[in-house]
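Single-structure report; data block below.
The values are calculated or read from the model by the stated rules, or taken from the named source; none is laboratory data. All values derive from a computational prediction rather than experimental measurement. Counting neighbours? That spans all protein chains shown, and the Cβs are built from the backbone with ideal geometry, glycine included.
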Amino acid sequence: MGNIQIKRVTLYHVRVPLKRPFTTHLQEVLDRESILIEMLDDQGNIGVGECVAFSSPWYTEETVETAWLALENWIIPAMLNQTFSYPNELDHCLSFIKRNQMAKSAVNHALWDIYAQKQQKPLWQVIGGSSRPIEAGVVVAAASEAEMYDDIESAVNSGYKRIKLKISQSSNPQNLKELIAKYPETLFFADANGAFTNDTIHLLQEFDECGFTLIEQPFSEHQNKLSAKAQKTMKTPFALDESIESIQDVEEMVDQQSGKIVVMKQGRVGGLSNALCIHEKCLKADVPIWVGGMIEFGVSKAFNLAFASLPGVKFPGDFSSSNHFWNHDLAEPIINVHHGEIQLPKVPGVGVKLNHKIVDQYEVRRNIFYA
């Protein structure tokens, strides 16, 4: 297939207002900043990537600003003078840079896109996925209970297979139990975003009778022993999100029994290469995976869809239509949900490219790097 030589990398810093605020107990997101990447190789192939860090460090320590600095000063300069025969080689090239997982993930994705294009195959096929349609799921993070009920009804009517609700210590388990019972054909996930503590395990246990398929990240990412303690008392399985940043974290979860399901966010683990290693580990350990979302644009979502085609992904992920969070996505073709499912692309690569007409409208700054 030939080696990959990167000749040019373009960074786009964008900011897009959300249609409605995305509200959790940690943060209210009103607009989405992001970094988009276009990577050009010596054969004219263009790979795309997206950095899913947020504007402030409420989710992880990375932000759009720190990722931009890491990409400008260290990551891209280290790549431009290198030749890659396989995307995994990028990890070794960048091993001198500590962490910065979301920034690394963006370039890892762009390299995988080029690699799949050079093989003339869709990315999902290159990584061993199947061509089955991907079941769609949506996150409801409304500011009020009335809005939540409206959003759930809309999601059910749109055919989404799974609805994720944000919960906290102030949520009412009885109301949620009655709500879930109204939609017996829909899977409901609960996402706590680390809202509970050792002193409030009794409040968490009240959600065990709600009918949730799983409870995501009930405790903070550094409280796996506490998570294991609580999991032993509850039948609803825990799915670890922020606690999973590496394959070692998966091994620790299995050993401690702090959770039973892995939430995969490729940006958090450093990209598709590391995500594939985690997938292999989960298959061997019989640990199911589902794909979480980051209020991302179509580029990141396209890589998530490719990953969701793998055999270890057992639950519907955070896959909504391109117009769910905003009026115009920055990638094309847009993602549409039909009867609760999304079709995988048939074209070589990840299957999307930047819509420059839309990107230009929301661009904050741009930087271009040449080999």
**Message:** With the requirement that a residue be within 26 Å of H222 (Cβ to Cβ), assigned to a helix (DSSP H, G or I) and out of contact with any Ser or Thr (no Cβ under 7 Å at 6 or more places or on another chain), what does the range 56-68 give you?
**Reply:** E65, T66, A67
**Request:** List every residue pair whose Cβ atoms lie under 6 Å apart, where the two residues are 6 or more positions apart in sequence or sit on different chains, the first residue falls within the range 8-29 and is of a type in the set (F, W, Y), and the second residue, located anywhere, is crowded, with 18+ Cβ neighbours inside 10 Å.
**Result:** Y12/L36; Y12/V359; F22/V29; F22/A141; F22/I295
**Request:** Check whether at least one residue in the range 37-52 is among the β-branched types (V, I, T), within 17 Å of the chain's Cα centre (by Cα) and closer than 15 Å to R268 by Cβ, and report yes or no.
**Result:** yes
**Item:** Of residues in the range 170-218 being over 17 Å from G137 (Cα atoms) and among the acidic types (D, E), the one nearest to the chain's Cα centre (by Cα)
**Value:** D208
**Item:** Evaluation of V16 against (1) out of contact with any Lys or Arg (no Cβ under 8 Å at 6 or more places or on another chain); (2) assigned to a strand (DSSP E or B); (3) over 22 Å from A371 (Cα atoms) (one fails), failing number
**Value:** (1)
**Prompt:** Does any residue of the range 43-53 turn out to be in a strand (DSSP E or B), within 30 Å of S170 (Cβ to Cβ) and touching a strand residue (DSSP E or B) at 6+ places or on another chain (Cβ under 8 Å)?
**Reply:** no
**Prompt:** Does M294 count as crowded, with 17+ Cβ neighbours inside 10 Å, touching a His at 6+ places or on another chain (Cβ under 8 Å) and assigned by TED's automatic domain parsing to the domain that holds L187?
**Reply:** no
**Prompt:** List the pairs whose first member sits in the range 94-122 and is touching a residue at least 12 places away in the same chain (Cβ under 8 Å) and among the hydroxyl-bearing types (S, T, Y), whose second member is in a helix (DSSP H, G or I) and buried (at least 24 other Cβ atoms within 10 Å of the Cβ), and whose Cβ atoms are under 7 Å apart, counting only residues at least 6 apart or on separate chains?
**Reply:** S105/Q266; S105/G267
**Request:** Mind counting the residues in the range 184-213 that are touching a Phe, Trp or Tyr at 6+ places or on another chain (Cβ under 7 Å), under 19 Å from I261 (Cα atoms) and assigned to a helix (DSSP H, G or I)?
**Result:** 1
**Request:** Among the numbered conditions (1) touching a Lys or Arg at 6+ places or on another chain (Cβ under 8 Å); (2) modelled with pLDDT of 95 or more, tell me where T60 comes up short.
**Result:** (2)
**Message:** Just to be sure I understand, how many residues within the range 167-183 are in a loop (DSSP other than H, G, I, E, B) and loosely packed, with under 15 Cβ neighbours inside 10 Å?
**Reply:** 4
**Fill in**
Exactly one of E245, E251 is touching a residue at least 40 places away in the same chain (Cβ under 8 Å) and either assigned to a helix (DSSP H, G or I) or on the phi < 0 side of the Ramachandran plot (or both), and that residue is E245
**Complete:** Within the range 123-162, the count of residues that are without any contact (Cβ under 8 Å) to a residue 40 or more places away in the chain, closer than 25 Å to A192 by Cα and buried (at least 16 other Cβ atoms within 10 Å of the Cβ) comes to 6
**Prompt:** Name the residues in the range 127-154 that are among the hydroxyl-bearing types (S, T, Y) and not in a loop (DSSP other than H, G, I, E, B), would you?
**Reply:** Y149, S154
**Asked** In this structure, is Q120 surrounded by fewer than 24 Cβ atoms within 10 Å (Cβ to Cβ), part of a loop (DSSP other than H, G, I, E, B) and in contact with a Pro (Cβ under 7 Å, 6 or more places away or on another chain)?
**Response** yes
**Prompt:** Is the range 321-344 home to any residue that is modelled with pLDDT of 95 or more and of a type in the set (S, T, Y)?
**Reply:** no
**Request:** Could you check, for the range 23-40, whether at least one of its residues is surrounded by fewer than 19 Cβ atoms within 10 Å (Cβ to Cβ), among the basic types (K, R) and not in a loop (DSSP other than H, G, I, E, B)?
**Result:** no
**Message:** Of the residues N304, N274, N224, only one is in contact with a helix residue (DSSP H, G or I) (Cβ under 6 Å, 6 or more places away or on another chain) and touching a residue at least 24 places away in the same chain (Cβ under 8 Å); which?
**Reply:** N224
**Message:** Residues that are surrounded by 23 or more Cβ atoms within 10 Å (Cβ to Cβ) and assigned to a helix (DSSP H, G or I): does the range 313-332 have at least one?
**Reply:** no
